[in-house]
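Enquirer: Input: one structure, supplied below.
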Amino acid sequence: MTDPSHDDDAGRSRLVAERDHRLSKLSSLRDEGIDPYPVRFDRDRTLGELVEEFGNLGAGEETDISVKVAGRVMLRRGHGKLFFATVRDHSGEIQLFVSKAVVGDDAFDRFDTVDLGDWLGVEGTVMSTRKGELSVRVERFELLAKALLPLPDKWKGLSDVDTRFRQRYVDLIVNEDARRVFAIRSAVVASIRNSLLERGFLEVETPMLHDIVGGAAARPFSTHHNSLDIDLYMRIALELHLKRLIVAGLDRVFEIGRCFRNEGLDTRHNPEFTMLEAYQAFADYHDMMDLTEHLVAAAAEAAIGTMIVELEGRSVDLTPPWRRITVADLIRESLGVTMHPSMPVTEARAALDDAGVEYRDEWGSGKLMDVLYDDRAQHDVFEPTFVIDYPREVSPLARPHRDDPHLVERFELIVAGRELANAFSELNDPVDQLARFEAGARAKAQGDPEAGDVDYDYVRALEYGMPPAGGLGIGIDRLVMLIAGVTSIREVILFPTLRPEQFDEAEFRFPDA
RNA sequence: GGGCCGCUAGCUCAACUGGACAGAGCAACGGGCUUUUAACCCGCAGGUUCGGGGUUCGAGUCCCCGGCGGCCCA
C-alpha cells in the first residue's frame with residue numbers, strides 16, 4: 001500500500017484524506033514509542049463526580065488537588081501556547097486547560113495532534129478559569145484511543161435518520177436527545193422490574209425458540225435446529241409458557257423479553273421488540289388494570305420525574321385512575337352505533353358499511369365489532385383509557401365474561417390512540433381452550449398466516465388445573481415512546497432492524513504500518 | 001404492495017421559471033494568538049449533485065428506469 005504521507009490527495013474524498021492523515025499520526029506516535037491504544041487508564045473519578053465535587057469553585061480559584069480523569073475530546077480551542085479542550089464521559093463534561101508552560105514543549109506539540117473524537121486520559125490539578133469554567137490544569141495526558149474518522153458537525157450533530165440508526169454509536173456521541181431517550185428506557189425497565197419484584201412477582205426466562213406458534217396472532221420467523229432436525233419458530237409472545245408456570249403454582253411471574261414478528265417495519269413496528277408479560281394467580285382483569293396504572297405511572301415518575309408527558313404537541317396526564325369504558329360503550333359514544341357480538345351479522349355488516357369500513361364474509365358479529373372499534377374509535381382515544389370487554393371471537397386466550405358469555409374479560413390500554421397494553425382474566429378451562437385452539441388451527445389451514453397451532457402440551461397443563469389468574473402484556477418500546485415523547489419505535493430501539501448496508505472492502509484497507 | 005416527499009463536500013444546509021466556474025458554516029489542512037466557551041483572525045483545500053439513460057445550445061434543476069430513505073395508506 002502507499003504511504004499516506006506521500007500520497008496524492010487529488011481525486012480522493014475528503015473523508016479518505018482525513019482518515020489517512022490520522023493514520024499517519026498513528027504511525028508517528030508509534031515511531032516515538034507511544035502506543036495509541038494503551039491497555040488501560042487509572043482514572044480516580046468520573047467527570048460527573050469531578051463536577052459534583054468541585055462545581056462550587058469560584059472564578060479564578062486554583063487548587064493543588066490532583067485528579068486523574070478520562071474522556072472523549074468534543075471541542076478544542078487553541079490559543080498559541082494554550083489549549084482549551086472539552087472532554088466528555090458518560091457522566092459529564094469538563095474543560096481541559098493545557099498550558100505549554102505546564103506540560104512542556106514536546107507534550108504541547110503532541111497535544112496539537114489530538115483530534116476531535118480522540119479519547120484522552122489526563123492528570124492535573126482542579127482549577128476554575130477567570131470566566132469561572134471548572135477545568136483541569138493538565139500536567140500529563142495520554143492518548144487512550146485514536147479516532148480515525150471525524151465526528152459530525154459539532155453543533156448540528158447528525159440528523160439523517162438512516163445514518164443515525166445504522167451508526168448508532170455516532171448518534172449517541174453527538175446527539176444529546178438520543179442519549180436521553182435510552183436513559184429513559186433504562187429507567188422505565190428498571191422501574192417496572194422493581195415494581196413487580198416489590199409485589200412478590202418472580203422474574204423468569206422462558207424459551208425464545210418454540211416448536212409451535214401461539215400466544216398471539218402474528219406471523220413468526222422460522223429457523224431450523226440442525227441436530228434435532230426440526231423447524232423452530234422465534235416466539236411471538238411470552239404468554240403460554242408463563243401461564244404454564246401459573247399452573248405450576250408459581251403464583252406471580254413475569255418476564256421482560258424480546259419477541260419476534262415477521263411483519264413490516266414502520267413507526268410503530270420493529271420485527272423484534274420487547275414485551276413485559278405478568279401473570280398473577282387469584283386475580284382478574286380489574287386487578288390487572290390497577291397493576292397497569294401503577295406500573296406505568298411509577299415508570300414515568302422514575303424516568304422523567306412527572307406523570308405529564310408531552311407527545312405530538314399535546315400533554316397527556318398519566319396520573320391514575322384512568323377511565324374505563326367498554327368496547328360497546330366506546331363505539332356508541334364515538335360513532336353513535338350500538339353493537340354486540342350477539343347481533344345478527346347482517347346488522348353488524350350494515351354498521352361497518354355505514355362507517356365505510358371493509359370486512360370479510362367469514363367474519364362474525366364479534367370480529368366486525370372489534371374491527372369497527374379498531375378502525376374508527378381507538379384512534380381518537382387520547383387520554384389513558386382502559387377499553388374493556390371484548391368480543392369472545394377475537395380473544396382466544398381470555399376467559400368468558402362473568403356477566404355476558406358473548407364477551408371476554410379483557411382490556412386494552414389506549415394512550416394517544418395507540419395500544420400500550422393488553423390483558424385478560426385468563427382462560428383456565430382446558431375444554432374451552434382446546435376448542436379455541438382448534439378454531440385457530442382451522443383458520444390457519446384455510447390460509448390465515450397469523451393463526452396459531454393447537455398447543456396440546458398447554459392444554460395438558462390446564463388439565464392439571466390453573467388457578468384463576470389475571471395476565472398483562474405491555475409493549476415496552478411503545479411505553480418508552482410515550483414517556484420519552486417520541487413518535488417512532490426506532491427512536492427507542494438502539495439498533496433497529498434495517499436493510500443491510502453494502503460495504504466496499506477497499507475502503508477498509510489500511511496502509512502498511 | 002400503493003401514493004406522496006426526499007437524496008448536493010465527512011457533517012448541517014444553499015443554489016430563482018433549466019443559465020456562467022455548484023456555494024456557505026462546521027470539521028480538516030497551513031499560519032497567528034496564554035483565559036476561551038460553537039473561541040477568534042488570515043489563508044488553503046475539499047464534489048461521480050444516489051446510479052443509468054433521455055430531452056436541450058445548456059440539467060443539481062425537466063422526463064424515464066433503477067437504488068436507498070422518510071411519511072401516509074393497505
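The values are calculated or read from the model by the stated rules, or taken from the named source; none is laboratory data. For clarity, every value in this text was computed on a predicted model and none was experimentally measured. When we count neighbours, we look across all protein chains shown, and the Cβ atoms used for this are built from the backbone with ideal geometry, even at glycine. Keep in mind that these areas ignore ligands, DNA and RNA; they rest on the heavy atoms of the full protein, side chains included. Shrake-Rupley method; radii C 1.70, N 1.55, O 1.52, S 1.80 Å.
Enquirer: Mind checking the dipole of segment A:137-188: about its Cα centre, +1 per Lys or Arg Cβ, -1 per Asp or Glu Cβ, Debye to the nearest 20?
Expert: It comes to approximately 120 debye.
Enquirer: For segment A:213-223, in order, what is each residue's ³J(HN,Hα) by Karplus, 6.51 cos²θ - 1.76 cosθ + 1.60 with θ = phi - 60°, in whole Hz (x at glycine and Pro)?
Expert: 9, x, x, 6, 9, 6, 7, x, 7, 9, 8
Enquirer: Also, I was wondering about something else. Hey, can you rank A:17-27, A:296-306 by average C-beta count inside 10 Å, highest first?
Expert: Those peptides, ordered most packed to least, come out A:296-306, A:17-27.
Enquirer: Would you work out the charge dipole size for segment A:4-151 about its Cα centre, treating the Cβ of every Lys and Arg as +1 and the Cβ of every Asp and Glu as -1, and quote it to the nearest 20 debye?
Expert: 360
Enquirer: Please report the projected area of chain A's Cα convex hull averaged over all directions, in nm².
Expert: Answer in nm², one decimal: 31.9.
Enquirer: Looking at A:H90, A:V480, A:V357, which one has the Cα that reaches farthest to the positive end of the dipole of chain A (charges on Cβ: Lys, Arg +1; Asp, Glu -1)?
Expert: The residue sitting farthest along the positive end of the dipole is A:H90.
Enquirer: Rounded if a/c is under 1.5, else prolate if a/b beats b/c, else oblate: with a ≥ b ≥ c from the C-alpha gyration tensor eigenvalues square-rooted, which is segment A:265-340?
Expert: rounded
Enquirer: Can you give me the solvent accessible area of A:W119 with a 1.4 Å probe, rounded to the nearest 10 Å²?
Expert: My reading of the accessible area for A:W119 is about 90 Å².
Enquirer: Pairs of Cα atoms under 8 Å, at least six residues apart: use those to get the relative contact order of chain A, whole percent.
Expert: Relative contact order here is 13 percent.
Enquirer: Next up: Once amide H atoms are placed 1.01 Å from N in the peptide plane, what residues at a sequence separation of 5 or more from A:E61, or on another chain, have their amide H within under 5 Å of its amide H?
Expert: Amide H neighbours of A:E61, under 5 Å, 5+ apart: A:S128.
Enquirer: For segment A:203-211, in order, what is each residue's ³J(HN,Hα) by Karplus, 6.51 cos²θ - 1.76 cosθ + 1.60 with θ = phi - 60°, in whole Hz (x at glycine and Pro)?
Expert: These are the phi-based 3J(HN,Hα) values: 7, 10, 10, 10, x, 8, 9, 10, 8 Hz.
Enquirer: Calculate the dipole size of chain A relative to its Cα centre from +1 charges on Lys and Arg beta carbons and -1 charges on Asp and Glu beta carbons; express the result in debye to the nearest 20.
Expert: About 900 debye.
Enquirer: Starting from the amide H of A:L144, placed 1.01 Å from N in the peptide plane, find each other amide H under 5 Å away whose residue is 5 or more places distant or on another chain.
Expert: A:W119, A:L120, A:G121
Enquirer: In whole Hz, with x marking every Gly and Pro, tabulate ³J(HN,Hα) for segment A:66-82 from phi via Karplus 6.51 cos²θ - 1.76 cosθ + 1.60, θ = phi - 60°.
Expert: 8, 10, 10, 9, 9, x, 8, 6, 9, 9, 9, 9, x, 9, x, 9, 9
Enquirer: Further question: In percent, what relative contact order does segment A:4-151 have, based on Cα pairs under 8 Å that are 6 or more apart in sequence?
Expert: 27
Enquirer: Given the pairs A:K68/A:K146; A:K100/A:K131; A:K25/A:K131; A:K68/A:K154, which span a C-alpha to C-alpha distance of over 24 angstrom in this model?
Expert: From A:K68/A:K146; A:K100/A:K131; A:K25/A:K131; A:K68/A:K154, over 24 Å: A:K25/A:K131; A:K68/A:K154.
Enquirer: If packing is taken as the mean number of other Cβ atoms within 10 Å per residue, what is the order of A:94-101, A:79-86, highest first?
Expert: Final packing ranking: A:94-101, A:79-86.
Enquirer: I need the helices of chain A that pass two filters: whole DSSP H segments spanning 20 Å or more by Cα along the axis, and mean Kyte-Doolittle score no lower than -1.0.
Expert: Membrane-span-like by this rule: A:14-31, A:176-198, A:285-304, A:430-445.
Enquirer: Hey, another quick one. Would you work out the relative contact order for segment A:61-131, in percent, from Cα pairs under 8 angstrom that are 6 or more residues apart?
Expert: 44
Enquirer: Run through segment A:434-497 and list the chymotrypsin sites (Phe, Trp or Tyr not before Pro) located in a DSSP loop whose Cβ has at most 13 other Cβ atoms within 10 Å.
Expert: A:Y464
Enquirer: Would you mind putting A:187-193, A:385-391, A:311-317 in packing order, based on average other-beta-carbon counts within 10 Å, highest first?
Expert: Top to bottom by mean Cβ count within 10 Å: A:385-391, A:187-193, A:311-317.
Enquirer: Order A:M307, A:M208, most accessible first, counting only protein heavy atoms with a 1.4 angstrom probe.
Expert: If we order A:M307, A:M208 from most to least accessible, we get A:M208, A:M307.
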